[in-house]
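Inspection log for the structure reproduced underneath, given as structure tokens.
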Amino acid sequence: MRYISTRGGMAPAAFSDILLGGLAPDGGLTLPEDYPTVTPAELAGWRGLSYPELAFAILQRFADDIPAADLHALIDKTYTVAAFRTEAIAPVTPLADGIWLLGLSNGPTLAFKDIALQLLGNLFEYALLQTGGHLNILGATSGDTGSSAEYAMRGKRGIRVFMLSPHRKMSRFQTAQMFSLQDPNIFNLAVRGVFDDCQDIVKAVSNDTAFKARYSIGTVNSINWARVAAQIVYYFKGWLAVTTHDDQEVSFAVPSGNFGNICAGYIAKRMGLPIRRLILATNENDVLNEFFRTGIYRVRKSEQVAHTSSPSMDISKASNFERFIYDAVGRDPAVVRALWQQLDTQGFFDLSATPYFQTIRQSGFVSGSSTHQDRMATIRRVYQESGIVIDTHTADGVKVGLEHREADLPLICVETALPAKFEESIVEALGHPPERPAGYEDLEDLPQRFEVVDVDVNQIQDYIVRHAD
């Protein structure tokens with residue numbers, strides 16, 4: 001398996017060569033030269049596998065330069081009952097007749113991103129032990145990636161984490177999860193701006209090739225291919241859990257901000273998983289919904305990004321979107337370069353009058369958006385019908401999923417976080433706080449360690465220089 005860049009300026013490379021990086025050297029995103037395919041017979045043979053066994057069966061196709069025994073050991077080390085509080089890792093629970101919840105939030109930070117980042121932490125440590133090197137991870141978070149990455153990397157040899165988050169724009173629980181960590185290799189920087197400002201800083205530093213090389217800058221955001229690859233696994237797990245025959249189609253409803261989660265579902269579909277629809281759900285920041293409805297991708301300025309009750313989706317620049325567009329334009333890097341140049345200079349691109357938009361319409365994506373009141377009503381409805389409490393982001397997905405549901409098809413709603421992370425909204429919706437897993441009772445009362453910084457690339461680089469390994 002060889003990897004290339006969406007912008008065409010990188011020689012094909014092995015998985016281990018791109019593992020520690022973020023953006024490709026030419027500013028694009030890495031992805032496989034060709035997606036591996038899975039036959040119906042292989043799918044049938046996977047029905048009895050445990051989650052670690054399924055993960056190995058899929059990930060060995062993407063990381064074929066890691067010795068099989070080593071990859072197996074890393075996966076087994078990652079997906080444990082101790083880390084995820086359930087042997088199922090990604091349990092599937094019925095919400096109503098034909099509607100299922102894919103539970104992805106049992107990891108240490110109670111968010112779906114643990115599924116990939118716990119593995120990424122072990123992969124990073126393994127790779128650095130092979131070379132004797134070190135890594136300074138620079139990341140941006142709208143709420144969940146930060147804590148998931150920090151918990152995955154805390155105490156890891158040769159790794160330091162510099163995590164940017166929008167100052168005072170995460171939930172109290174999310175903020176406390178990150179800022180209460182006292183590990184000496186973890187650095188939290190609260191940026192006076194929105195998530196897109198944080199993400200722009202990460203991309204600017206990643207594009208400074210001299211600085212990136214000198215200070216061994218890597219990333220754990222979903223621009224890192226290994227994260228997307230690890231997320232592909234749970235789409236197969238969800239399908240295997242709710243189907244009874246090997247060509248049976250399902251649809252997935254996925255809350256979407258940065259397009260990483262649903263990008264993994266799209267790749268699973270390209271690999272041969274029988275997915276009818278990928279139902280993309282946004283909140284009030286509906287850039288992606290607008291694109292799939294109209295063909296126009298128009299990013300918002302920082303001051304136009306709404307601060308909502310599903311804050312992890314308060315994003316207007318979906319960094320993973322470039323991978324999908326690369327496929328949609330026939331894998332032509334010149335077209336991708338031109339589109340992203342227009343995006344940088346004019347703030348939008350329009351594919352509505354091009355042949356590419358027909359390809360996009362045939363790709364299985366449908367979309368919709370959700371408001372605060374929609375989230376409150378959906379949380380109440382799900383609780384009344386099933387007794388299950390869902391968080392605000394999952395509620396966005398359920399709401400839009402139900403709008404696009406086909407009666408004869410199983411609908412799998414992808415959970416993104418446990419409701420404990422968004423207690424204020426759950427109290428508003430249900431009149432009582434959600435349960436917290438043991439060990440999280442007084443999280444917000446712990447001492448917090450962070451620094452507030454401006455939206456300034458030079459300031460962030462100076463901070464890294466002073467604290468880098």
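Selection of segment 393-430 for residues being over 19 Å from ASP314 (Cα atoms), in contact with a strand residue (DSSP E or B) (Cβ under 9 Å, 6 or more places away or on another chain) and part of a loop (DSSP other than H, G, I, E, B) yields HIS404, ARG405, GLU406, LEU409, PRO410. Residues that are among the basic types (Lys, Arg) and either surrounded by 18 or more Cβ atoms within 10 Å (Cβ to Cβ) or in contact with a His (Cβ under 9 Å, 6 or more places away or on another chain) (or both) within segment 9-59 are absent altogether. Could you identify the single residue in VAL250, VAL254 that is assigned by TED's automatic domain parsing to the domain that holds LYS301 and over 14 Å from the mean Cα position of the chain (by Cα)? Only one candidate qualifies: VAL250.
Considering segment 178-227, and only residues there that are more than 15 Å from LEU164 (Cβ to Cβ) and basic (Lys, Arg), the residue that is surrounded by the most Cβ atoms within 10 Å (Cβ to Cβ) turns out to be ARG227.
Out of GLU290, GLU303, GLU322, I need the residue that is surrounded by 15 or more Cβ atoms within 10 Å (Cβ to Cβ), free of Cβ contacts under 8 Å to residues at least 24 places away in the same chain and out of contact with any Cys (no Cβ under 7 Å at 6 or more places or on another chain). Which one?
Selected residue: GLU290, the only one of GLU290, GLU303, GLU322 that is surrounded by 15 or more Cβ atoms within 10 Å (Cβ to Cβ), free of Cβ contacts under 8 Å to residues at least 24 places away in the same chain and out of contact with any Cys (no Cβ under 7 Å at 6 or more places or on another chain).
In summary, strands (runs of 3 or more DSSP E) completely within segment 89-165 and bearing 2 or more residues that are more than 19 Å from the chain's Cα centre (by Cα), of a type outside the set (D, E, K, R) and over 24 Å from LEU411 (Cβ atoms) occur at 135-140. Here is a check on your reading of the model: is SER165 in contact with a Lys or Arg (Cβ under 8 Å, 6 or more places away or on another chain), surrounded by 20 or more Cβ atoms within 10 Å (Cβ to Cβ), among the hydroxyl-bearing types (Ser, Thr, Tyr) and assigned by TED's automatic domain parsing to the domain that holds GLU451? It is false that SER165 is in contact with a Lys or Arg (Cβ under 8 Å, 6 or more places away or on another chain), surrounded by 20 or more Cβ atoms within 10 Å (Cβ to Cβ), among the hydroxyl-bearing types (Ser, Thr, Tyr) and assigned by TED's automatic domain parsing to the domain that holds GLU451. Only residues that are part of a helix (DSSP H, G or I) and either within 11 Å of the chain's Cα centre (by Cα) or of a type in the set (Asp, Glu) (or both) were counted in segment 227-247, giving 6. Hey, could you check segment 415-452 for residues that are aliphatic (A, V, I, L, M) and under 23 Å from LYS113 (Cβ atoms) and say which is modelled with the lowest pLDDT? Looking at residues that are aliphatic (A, V, I, L, M) and under 23 Å from LYS113 (Cβ atoms), I get ALA438.
Close contacts from segment 30-50, counting a first residue that is assigned by TED's automatic domain parsing to the domain that holds LEU19 and under 23 Å from ASN221 (Cα atoms) and a second that is among the aliphatic types (A, V, I, L, M) and part of a loop (DSSP other than H, G, I, E, B), with Cβ to Cβ under 7 Å and a gap of 6+ residues or different chains, come to THR30/ALA24; PRO32/MET1. The set of residues in segment 27-68 that are modelled with pLDDT of 95 or more and under 22 Å from SER319 (Cα atoms) comprises GLY28, LEU29, THR30, LEU31, PRO32, GLU33, ASP34, TYR35, PHE62. All told, SER316 meets the bar of being modelled with pLDDT under 95, buried (at least 16 other Cβ atoms within 10 Å of the Cβ) and not hydrophobic (A, V, I, L, M, F, W, C). Filtering segment 437-469 to residues that are assigned to a loop (DSSP other than H, G, I, E, B), loosely packed, with under 14 Cβ neighbours inside 10 Å and hydrophobic (A, V, I, L, M, F, W, C) leaves ALA438, LEU446. For segment 277-332, which positions are part of a loop (DSSP other than H, G, I, E, B), under 23 Å from ILE267 (Cβ atoms) and β-branched (Val, Ile, Thr)? Result: ILE315, VAL329. Applying the criterion of being in a helix (DSSP H, G or I) and in contact with a Ser or Thr (Cβ under 9 Å, 6 or more places away or on another chain) to the residues of segment 358-392, the residue that is surrounded by the most Cβ atoms within 10 Å (Cβ to Cβ) is THR392. TYR126 satisfies every condition listed in (1) free of Cβ contacts under 8 Å to residues at least 40 places away in the same chain; (2) of a type in the set (Ser, Thr, Tyr); (3) more than 30 Å from GLU249 (Cβ to Cβ); (4) out of contact with any Ser or Thr (no Cβ under 6 Å at 6 or more places or on another chain) except (1).
In a residue-by-residue description of segment 172-193, the property of being under 23 Å from ASP17 (Cβ atoms) and either in contact (Cβ under 8 Å) with a residue 24 or more places away in the chain or in a strand (DSSP E or B) (or both) applies to no position.
The values are calculated or read from the model by the stated rules, or taken from the named source; none is laboratory data. Predicted model only: the values in this text are computed from it and were never measured. In this analysis, Cβ positions are derived from the backbone assuming ideal geometry, glycine residues included, and neighbour counts consider all displayed protein chains.
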